[in-house]
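Beneath this line is the structure, given in structure tokens, with notes to follow.
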Amino acid sequence: METWDKNLCSPAVVKELLAKYRLAPQKGFGQNFLINARIPQEIAKASVPEESWNSSFDQPLGALEIGPGLGAMTRHLSALYDQVIAVEIDRGLIPLLEETLADCTNVKVINQDFMKLDVPAFLQSRFGDMPVHVCANLPYYITTPILMKLLEAQRPSRPPKICSVTVLVQTEVADRLCAPAGSAAYGAITAAVRLAGTAKKLFSVSAGNFLPQPKVASSVVQIQLYPGGIRDAIDDLPLEDDALDIRIEKTKELISLGFAQRRKTLVNALSSVYAREAVTAALADLELRADIRGEKLSAEQFVALAGRLS
Ligand code: SAM
């Protein structure tokens, strides 16, 4: 087996490989390849849980990469994790990845559209009981749907199968994920992330580090999922797991209605589903103004409101 010894982030190597396999970066698949070797290395390193650096840590760890591209980050993940699954939509890249990852025996590349996967079943079949860390340079055109799909794959009442998500995204999205409640950048995705874990911006990556160059700046953001599920973060939740999962489903519905028309008061935004008097009474119960807008409520307040409206 040949060991790959070229720099997969050198623009010359990227161009040579694409030419060899008669490929060109596909805009429709959001293909902006990293051309600074330090960046995939730093992202992969940041994705590894701190506790695993301890010499007594002996639990096998799995990494899930969405969109390996030419395999630059995949090779680092292969060195850091026991098992790596990389899901790539572009069939044309599969033979190329077979070449660039030939010596990475713990990597399996799956040619699939991530958005079409049944994520819980996929994780169970590929990783078994192994905890999984997601690490990726996400295609810009579906960043939010991918993040939502990853979060939706978890049962709020249970410890998550996916422990963390470390991704390179547009800076605007990174800012949104980390925004405090009530700020201009705070949105439905921010509140949805808070139901699953905490988000933190790690570092920025300028457009010149990609081929082709995107028009926007990018940042690496990390979501650490609550290790014990949502009970780690919010008090006064139902004791029964099923009741808690139902409460969080209802919370997500309120968030999506509350943010669908940001300029409306929450009472108006929810009026297609809930009686105005019930929402006003629930808000009063939570010591919130009757004319408050959804964008002012924290995830915790949305959870409490869902409890009052049950
Ligand atoms: N990881 C590589 C890098 O950092 O250079 C490539 C990152 S590029 C921004 C995004 C990658 O995601 C591409 O390889 C693209 O083909 C792949 N991709 C796009 N949509 C996808 C989907 N729905 N499912 C799986 N992979 C997808």
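The values are calculated or read from the model by the stated rules, or taken from the named source; none is laboratory data. All values derive from a computational prediction rather than experimental measurement. With ideal geometry, Cβ positions are generated from the backbone for all residues, glycine too; neighbour counts draw on all protein chains shown.
Looking at the stretch 126-176, which of its residues are hydrophobic (A, V, I, L, M, F, W, C), free of Cβ contacts under 8 Å to residues at least 40 places away in the same chain and more than 13 Å from the ligand (Cβ to nearest atom)? Of everything in the stretch 126-176, just one residue is hydrophobic (A, V, I, L, M, F, W, C), free of Cβ contacts under 8 Å to residues at least 40 places away in the same chain and more than 13 Å from the ligand (Cβ to nearest atom), namely ALA153.
The set of residues in the stretch 18-37 being more than 22 Å from the chain's Cα centre (by Cα) and of a type in the set (D, E, K, R) consists of LYS20, ARG22. Checked against the criterion of being touching a residue at least 60 places away in the same chain (Cβ under 8 Å), outside the structural domain of PRO227 (by TED's automatic domain parsing), surrounded by fewer than 22 Cβ atoms within 10 Å (Cβ to Cβ) and of a type in the set (Ser, Thr, Tyr), the stretch 1-18 has at least one qualifying residue.
For the stretch 154-188, enumerate the residues that are of a type in the set (A, V, I, L, M, F, W, C) and in contact with a strand residue (DSSP E or B) (Cβ under 7 Å, 6 or more places away or on another chain).
ILE162, CYS163, VAL165, VAL167, LEU168, VAL169, ALA174, LEU177, CYS178
Being within 15 Å of the chain's Cα centre (by Cα) and assigned to a loop (DSSP other than H, G, I, E, B) is the filter here; which residues of the stretch 118-148 pass it? Answer for the stretch 118-148, where residues must be within 15 Å of the chain's Cα centre (by Cα) and assigned to a loop (DSSP other than H, G, I, E, B): LEU138, PRO139. Taken together, the residues in the stretch 176-209 that are among the β-branched types (Val, Ile, Thr), within 23 Å of TYR226 (Cα to Cα) and out of contact with any Lys or Arg (no Cβ under 8 Å at 6 or more places or on another chain) amount to 2. Kindly list the number of the only condition in (1) part of a loop (DSSP other than H, G, I, E, B); (2) crowded, with 18+ Cβ neighbours inside 10 Å; (3) of a type in the set (Lys, Arg) that fails for ARG176. All conditions are met except number (1).
Scanning the stretch 101-113 for residues that are buried (at least 20 other Cβ atoms within 10 Å of the Cβ) and out of contact with any Pro (no Cβ under 9 Å at 6 or more places or on another chain) yields one hit, CYS104. Quick check: is even one residue across the stretch 40-52 in a strand (DSSP E or B), of a type in the set (A, V, I, L, M) and within 12 Å of the ligand (Cβ to nearest atom)? Within the stretch 40-52 (the criterion being in a strand (DSSP E or B), of a type in the set (A, V, I, L, M) and within 12 Å of the ligand (Cβ to nearest atom)), the answer is no, since none of the residues qualifies. In the set LEU64, LEU18, LEU23, only one residue is assigned to a helix (DSSP H, G or I) and over 23 Å from VAL216 (Cα atoms); that residue is LEU18.
For VAL267, the criteria (1) out of contact with any strand residue (DSSP E or B) (no Cβ under 8 Å at 6 or more places or on another chain); (2) part of a loop (DSSP other than H, G, I, E, B); (3) within 30 Å of LEU288 (Cα to Cα) hold in every case but one, which is (2).
Among ASP236, ASP291, ASP232, which is the only one that is without any contact (Cβ under 8 Å) to a residue 60 or more places away in the chain and over 23 Å from the mean Cα position of the chain (by Cα)?
ASP291
If you go through the stretch 188-227 and pick out every residue that is within 16 Å of the ligand (Cβ to nearest atom), of a type in the set (Ser, Thr, Tyr) and in a loop (DSSP other than H, G, I, E, B), you end up with 1.
Quick check on my filter: what residues within the stretch 254-265 are closer than 23 Å to LEU244 by Cα and free of Cβ contacts under 8 Å to residues at least 40 places away in the same chain? Walk me through it before giving the result.
Taking the stretch 254-265 as the starting set, the residues that turn out to be closer than 23 Å to LEU244 by Cα are 254-259.
LEU257, the sole residue that qualifies.
Checking each residue in the stretch 64-78 for being in contact with a helix residue (DSSP H, G or I) (Cβ under 8 Å, 6 or more places away or on another chain) and either under 13 Å from GLY30 (Cα atoms) or among the small types (Gly, Ala, Ser) (or both) picks out ILE66, GLY67, PRO68, GLY69, GLY71, ALA72.
If I filter the stretch 283-299 for residues that are within 16 Å of PRO156 (Cα to Cα) and assigned to a helix (DSSP H, G or I), do I get at least one hit? Yes, some residue in the stretch 283-299 is within 16 Å of PRO156 (Cα to Cα) and assigned to a helix (DSSP H, G or I). Residue check: GLY197 meets all listed conditions (1) free of Cβ contacts under 8 Å to residues at least 60 places away in the same chain; (2) more than 28 Å from LEU288 (Cα to Cα) but one, namely (2).
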